[in-house]
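One structure below.
Values quoted throughout were computed directly from the atomic coordinates according to the rules given, and no laboratory measurement underlies them. In this text the structure is predicted, and so the values were computed from the model without any measurement. With ideal geometry, Cβ positions are generated from the backbone for all residues, glycine too; neighbour counts draw on all protein chains shown.
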Amino acid sequence: MNIEHFLSDTISTAVNSLFSLTTKPENIILQKTKKEFEGDYTLVTFPYIKAAKLTPEKTGELIGEEILKTNPTITEFNVVKGFLNLTLKTGFWLSEFKNISKDVNYGIKPANSSGKQVMLEYSSPNTNKPLHLGHVRNNLLGYAVAAILKTQGHDVIKVNLVNDRGIHICKSMVAWKFFGNGETPMLSGLKGDHLVGKYYVEFDRAYKKQVQHLMEKGSTKEDAEKQAPIMLQTQEMLLKWEAGDKETMDLWKMMNHWVYDGFKISYKKLGVDFDKIYYESNTYLLGKEIVQEGLTKNIFYKKENNSIAIDLTNDGLDEKIVLRSDGTSVYITQDLGTAIERFKEFPKIAQMIYTVGNEQDYHFKVLFKILEKLGCEWAKECYHLSYGMVELPEGKMKSREGTVVDADDLMDGMVETAREVTEASGKVAEFPQEEKDELFNTIGMGALKYFILKVDPKKKMLFDPKESIDLHGNTGPFIQYAHARIKSILRDYNADIHSISVSDNLKLHEKEKELIKLQYDFPKILEESANTYNPAVVANYIYELAKLFNQFYNECSVLKEENKAVKEFRIKLIETTARIIKNGMMSLGIEVPERM
RNA sequence: GGUCCCGUAGCUCAGCUGGAUAGAGCAACAGCCUUCUAAGCUGUGGGCCAUUGGUUCGAAUCCAAUCGGGGUCACCA
C-alpha cells in the first residue's frame, strides 16, 4: 500500500477519535514537507481547529501525539504554526528503497497489462514541403506521449495520416513542371522534401508576380488572385488528379516519393516511428456515406443550396457544413469517415488521440460532438492532444514567407554544436569514431528534444534561432551527464553489484534520503504524466532527480567510502538513480549515453 | 464583435486538484578540480505572481471584471 494512503488512514482515525469527526481517509490533505522543515509529510491542521476548539498549534500537537502512539512507522513530529510535520522511520525508507532496487522496471507497468488499446495519431505532414520546427514539436510530443502511455501498460498504436493530396500539393507539382527543368533529388543533390518545398516556394513567387501583373493591368486584387494563370493551372491539375489522369498521377507519385525519401531521413533522425501510415489520398472520400446516413436520421439537414449541415448551437458551437452543395467533402467529412473507419479496423481501441496544434481546438470540439451525435459511444474517449505554437522572436512561422526553422537544419545544427562542445572538452579523444558519432547525435538530439518536451504542451513556446539551445543547466545533456557519471562509477566498482544486500541499519545522509524519497515518486510521476498527456511532468522530474544526484555526488563519495555497508548502499542507490533517469528519458524518447 | 487559450525574476520556463518565507535554468557577480567525469557543485543580487474586486482562517492557484498578447469563428485544410 502506498504510504500516503497509509498515513491518511491513521490520521483520519486519529482526528475522528480525538475530535469526534467522520473524516474519510481520502479527504485528508497530506503534502510533502517542504525542504526548510524537518519531516517527510505534512498535515495542515486548519481544517480541524474548529472541531478541536484549540489553536492550530495545540491541534497539531494533539494529532501528532495520537498518531505517534498508533502508527509505529512515524518516529517523530513537530508543529510549526498550523503545520504538523511527520517524520517516518529510516527503516521505512530503506525497505522502500530495497523494493525500488529489486524492480528493474520500477514504475513501469508490463507491456499491454492494462488491456487498453489506444490509437495515437501524430506527425501528419503535408507532402509539399519539408518538416519545420512546428512539426518537430508535434512529432516529439506524439512520440513521447505514446511512450509514456506504454509505461502504463497500454497498447499504443501510433499512426500517421499523411496529407498527400489537394491543391497545395498541386502547387508544387505545377511549379516543378514549369520551372523544374527536370530537376530531381539525384541531379541536384537536394533532399527530396527540400526539393519539392523549393517548388512550393517557387509557386508562391510566380503567383504573386502574376497577381501583381494583373493588378497593374487594372484587375482588382480579388479577381487577379482568382485569374492568375498559374492558379488556374493548379486547379486544373487538381481536377485531373481527381479524374485519375495518368500523366498527373505519375508526376504526383514521383514527387511524393521524393518527399517520402526525405521524410524517412528526418523521422529517423528524430527517432520517431509509426505502426501504420494512412494516406489522405485513400481516405479523403470517406465520410460521405456517413453524412447521407446522418441525413436520414435527421442528425444533419439539407440547406436551401443543397449543402448539408449540422446545427450545434445548442452545444455552444455553431452550424457546421459537412458536405458542400456540389456534393464534395470538406475537411471534417473525411475526419468523421476516418475515425469511424479506424474503429471498425481496430475494434479493440478504447481511445483515439489526435496530436494537432491548438489552432484546431474548435475543429476537434466540433468533430467529437458530431461523432457523439452520430451515436459513436467512443466519441467521449477521443482526445485532442493540443499543443501551442512554436514562435520565433519575430512571431509566428510562415512556410511561404520563408520564416521557418527547418527541421533538418535544426537537428544537424544541434548535433554539430554537440560535436564541437564535446570535442573541446577533450573527454572523448580515445572513443572509437563510431561511438563518437553516436554520442554527438545522442547529445545534440537530447538537447533539442528535452528543450521542447520540458515545456507544457498546451503553452506556446518561444524559440530563438540566434541563441543556440543550451547544454548546461536544465537541459537534456545535464541529465545525460548525470547518467554517464553514475555509469562511470559503476564501471569502476570492482565487485559484484548484484550480490549486494542493503543493510537495514544505516544512518542516511540527507541527500541519500532525499534521493530515496524522490525515486519513490517515479511511478506517480509517470501516471500523472500519462493521465495529463504531459511529458513535461516526467521531464521536470528527471531533471530534479539528476540535479539531486549531482548534489549527492558532491557531498558523498561512493568509491572512497570506507564503511562497506554504506559504500554498497550507495552503489545500489546510484544504480537505481541511473535506471530511473534512463527509463524516464526513454519515455520521452531521449537516449542516455553510458559515457560522455 | 462572439468564443477559447495565455500573462510568474532582464530572458526561457516550473509551481495552478487553495496552505508555511513563490522555485529552477540562462544571463551577472563571488567561490570550489593533488579527492568517483567542473556538461558539475556552493553562494550573492534579482518578484506588488498583469490590474482591481470577490470567496476563504488562508489565493500565484478558485470566481468576476478590466487591461495586454495570441488562436478561432470557410461550401480552406
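Overview of values
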| item | result |
| --- | --- |
| Convex hull volume of region A:3-88 per residue (C-alpha atoms, cubic angstrom) | 74 Å³ |
| Rounded, prolate or oblate (a/c below 1.5 giving rounded, otherwise prolate when a/b exceeds b/c) for region A:122-401 by Cα gyration tensor | oblate |
| Top positive-direction residue, dipole computed over chain A with Cβ charges, set A:H384, A:T55, A:Q233 | A:T55 |
| Counting DSSP beta bridges with both ends in chain A, the antiparallel % (nearest 5) | 50 percent |
| On Cα atoms only, tilt of A:90-102 relative to the major axis of chain A in degrees | 40 degrees |
| Unsatisfied cross-links (Cα-Cα over 21 Å) in the set A:K109/A:K269; A:K116/A:K459; A:K171/A:K209; A:K264/A:K427; A:K459/A:K547; A:K427/A:K572 | A:K109/A:K269; A:K116/A:K459; A:K264/A:K427; A:K459/A:K547; A:K427/A:K572 |
| Calculated from backbone phi, Karplus (6.51, -1.76, 1.60) coupling profile of region A:507-521 in Hz, x at Gly/Pro | 8, 8, 5, 3, 5, 5, 5, 4, 4, 4, 4, 6, 4, 4, 7 |
| Shape call, region A:224-299: gyration tensor on alpha carbons, a/c limit 1.5 | oblate |
| At 1.002 mPa s and 20 °C, Stokes D of region A:180-307 from Kirkwood alpha-carbon radius, µm² per second | 116 µm²/s |
| Relative packing of A:490-496, A:317-323, which averages over residues the other C-beta atoms within 10 Å, highest first | A:317-323, A:490-496 |
| Loop-located chymotrypsin sites (Phe, Trp or Tyr not before Pro) in region A:184-224, at most 11 other Cβ atoms within 10 Å (DSSP) | none |
| Candidates per trypsin sites (Lys or Arg not before Pro) in region A:14-115, loop by DSSP, up to 14 other Cβ within 10 Å | A:K34, A:K35, A:K53, A:K81, A:K89 |
| Gyration tensor (alpha-carbon) shape descriptor, region A:118-239, a/c threshold 1.5 | prolate |
| Too-long pairs where the Cα-Cα distance tops 26 Å, listed order kept, from A:K380/A:K454; A:K102/A:K458; A:K177/A:K208; A:K198/A:K226; A:K302/A:K373; A:K35/A:K81 | A:K380/A:K454; A:K102/A:K458 |
| Dimensions (Å) - region A:68-165, Cα atoms, principal axes, largest first | 72, 35, 21 |
| Over chain A, equivalent-ellipsoid semi-axes from the Cα gyration tensor in Å | 54, 33, 20 |
| Region A:263-380: proportion of alpha-carbon pairs further apart than 26 angstrom, % | 25 percent |
| Nearest-ten-degree value, helix A:564-586 long axis tilted from longest Cα axis of chain A | 20 degrees |
| Peptides A:545-558, A:150-163 ordered by average Cβ neighbours within 10 Å, highest first | A:150-163, A:545-558 |
| Crossing angle, helix A:192-216 versus chain A [Cα axis fit, 0-90 degrees, rounded to tens] | 50 degrees |
| Calculated on alpha-carbon atoms, Rg and Dmax of region A:491-592 in Å | 14.7, 45 |
